[in-house]
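See structure below.
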Amino acid sequence: MADDAGELRDTGDLDSEALARRRLALSQIRQYPDPALRMRANEVEQFDESLRQLAERMTALMIDAYGVGLAATQVGVLQRLFVFQAEDDEPRVLVNPRIVQQSDEVEMEEEGCLSLQRVLVPVERSVQVTIEAQDLDGDDVRLQLDELPARVAQHELDHLDGVLIVDRTTDDARREAMATLRAQLSLA
Ligand code: ZN
């Protein structure tokens, strides 16, 4: 787990089949500069079968892409939900999440994003957050998260507001990240 960064898991030990599955999953995740990544998602009001199917699809994509989190805006759906996997726990779905408390203590760490490939930038996040949300049945949930899961949740919440890691990093890191992204675009 040492090389996990923000939304990404370390992919150093993947075999070629897993890498192929990862590429396929990434091709179904919106990539910068897709405009959906800049939009604010709407509150979920209907807790129905299609919401459940969306959450299942997002969870499968997150796992195949070797991510630890994925927000609906990253699959082009403007609804406020994200999936995440804290350490080796079961993947979880949070609907209409909001931070109700966050620690003053912050930490600066390298963060990556499934929508910004080959970019790692330092991002400052609260070490601890308390989140209130709903589950897929519309029931209230309250979670207290620390360290990496807290970082992932803050990253995913940003996605639901159209905010990306390049908005939250240093000027130097942003310049470098933009150069990396531009180089990828001109190759594509
Ligand atoms: Zn991301």
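The values are calculated or read from the model by the stated rules, or taken from the named source; none is laboratory data. Computed from a predicted model, the values in this text were never measured in an experiment. Ideal geometry is used to build each Cβ from the backbone, glycine not excepted, and the neighbour counts take in all protein chains shown. Note: areas computed on protein heavy atoms with side chains; ligands, DNA, RNA excluded. Shrake-Rupley method; radii C 1.70, N 1.55, O 1.52, S 1.80 Å.
Observations on the model:
- Overall, the anisotropy analysis places segment 115-159 in the oblate class: the square-rooted eigenvalues a ≥ b ≥ c of its C-alpha gyration tensor yield a/c not less than 1.5, with a/b not exceeding b/c.
- Spin-label model, VAL100 to ARG30: label points 7 Å out along the Cα-to-beta-carbon direction sit 2.9 nm apart.
- Taking label positions 7 Å along the Cα-Cβ direction at both THR180 and LEU14, the computed distance is 1.5 nm, reported to one decimal.
- For the chain, calculated [θ]222 nm from helices alone, where every DSSP H run of n ≥ 4 adds -39500 (n - 2.57): -10000 deg cm²/dmol
- For segment 121-163 versus segment 34-65, the gap between their alpha-carbon centres in whole angstrom: 15 Å
- Largest-first ordering by accessible area, 1.4 Å probe, given options ASP158, ASP137: ASP137, ASP158
- When you count the other C-beta atoms within 10 angstrom of each residue and take the mean per peptide, 169-180, 12-23 line up highest first as 169-180, 12-23.
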